[in-house]
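Working notes, structure below.
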Amino acid sequence: MVTSVTAVGVLLQAAFLGGMLFALKKALSRLDDVSKMAEEQIVPTMGMARKLLEEEGPKIKTAIKEVAETCANVKAITHKARTITAEAGTAVEDLLVKTETQAARVDEMLTGTLDSIAQATATLQRYVGTPSRQIGALMNGLRAGFDVLRSRGREAHVAADGEHFV
């Protein structure tokens, strides 16, 4: 009996191992199909990529160097532009201060000149205007006096002529 149980156990184990062998062959077959497909599609693609990299590699390296040089140039230009802008800002500020100072001086000069002109005008009005009004008043008085004298002389002359006046 022990022998028959052992024989059945060995047979079951052999059947199990046979099933595993069959499953392993099937898996190897699929793996072989995937490997063939990879060789057909991926290997040529990798070859083309390698060839492209070999052909375009120097161009890419040159482009990277040129980009790096351009970046360095842009950095230098930016630094120089900032420096020039700062200097220009300082110059403009100095110019504004000087302009404000000059404007204040010109304002003081013009104010002084206008004050002098106003004072001269007042003096002229006082020394020329007042006597000229007085002379004008004197002339009006003389004119009025002569008009009165002339009108009396006419009345006497008209009365002497009587009706003979033409």
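Relative to the longest principal axis of the C-alpha atoms of the chain, give the angle of the C-alpha long axis of helix 130-161, reported between 0 and 90° and rounded to the nearest 10°.
Roughly 40 degrees, rounded to the nearest 10.
Restricting to lysine pairs 8 or more places apart or on different chains, what number in the chain have Cα atoms under 17 Å apart?
5
When the dipole is taken about the Cα centre of the chain, and only Lys, Arg (+1) and Asp, Glu (-1) are charged at their Cβ, what size is it in debye, to the nearest 20?
400
On a 0 to 90 degree scale, rounded to 10, what angle separates helix 2-124 from the longest Cα axis of the chain?
10
Dividing the Cα convex hull volume of the range 25-77 by residue count, how many Å³ per residue is that?
Each residue corresponds to 79 Å³ of Cα convex hull volume.
Among Phe146, Gly18, Ser4, pick out the residue whose Cα is farthest towards the positive end of the charge dipole of the chain, where Lys and Arg carry +1 and Asp and Glu carry -1 on C-beta, about the Cα centre.
Working it through, the farthest residue towards the positive pole turns out to be Ser4.
Using only the C-alpha atoms of the chain, find the volume of their convex hull and express it per residue in Å³.
688
All of the numbers you see were taken from the coordinates with simple rules; none came from a lab. In this text the structure is predicted, and so the values were computed from the model without any measurement. All Cβ positions, glycine included, derive from the backbone under ideal geometry; neighbour counts span all protein chains shown.
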